[in-house]
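No lab work stands behind these numbers, since they all come straight from the coordinates. Model, not experiment: these values are computed from the prediction. Using ideal geometry, Cβ is built from the backbone for each residue, glycine included, and neighbour counts are taken over all protein chains shown.
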């Protein structure tokens, strides 16, 4: 069974977990992946989510496979946030996407490739999925560094994510939220 068919078969169970997954993710402060993992752990669909995550993100730490699958399928607002932010970073010239991403909330091959391109540019492992420090970096970029040198901003954030202040939205920022959804 391919991962798309597996996701479809899990929809009824996943729907029941969506409020808990979204709550764990949006209320986190730097440890969202662990909190989502705690929601998933021990559920009847944990193994299937891990299989999906393994198929989608084979370079990702296996401990995060289930979390990656849950976030990319149960929380489309999170995916739309990543797509919007990748388009923003692309508009700065820091990365060169072949075309802007369609912001549709679906984590497909173009979104994964864009994330891998950013990860390669940053010199971090290229898994195609963002870990907590990388999400924090995206939030700070959008909220704090929209008008500054993107190379300097990214270098400062990636090397010292824990030392950065919590992101706050700037006036008129609606397409690129300052915090992960």
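Note on residue 13/residue 124: beta-carbon distance plugged into 1/(1 + (r/R0)^6) with R0 of 41 Å gives a FRET efficiency of 0.80.
With each label modelled as a point 7 angstrom along the Cα→C-beta vector, the residue 51-residue 77 pair spans 3.1 nm. One chain, two ends: residue 34 and residue 106. Fully extended at 0.36 nm per residue, the span grows by 23.7 nm beyond their Cα-Cα distance.
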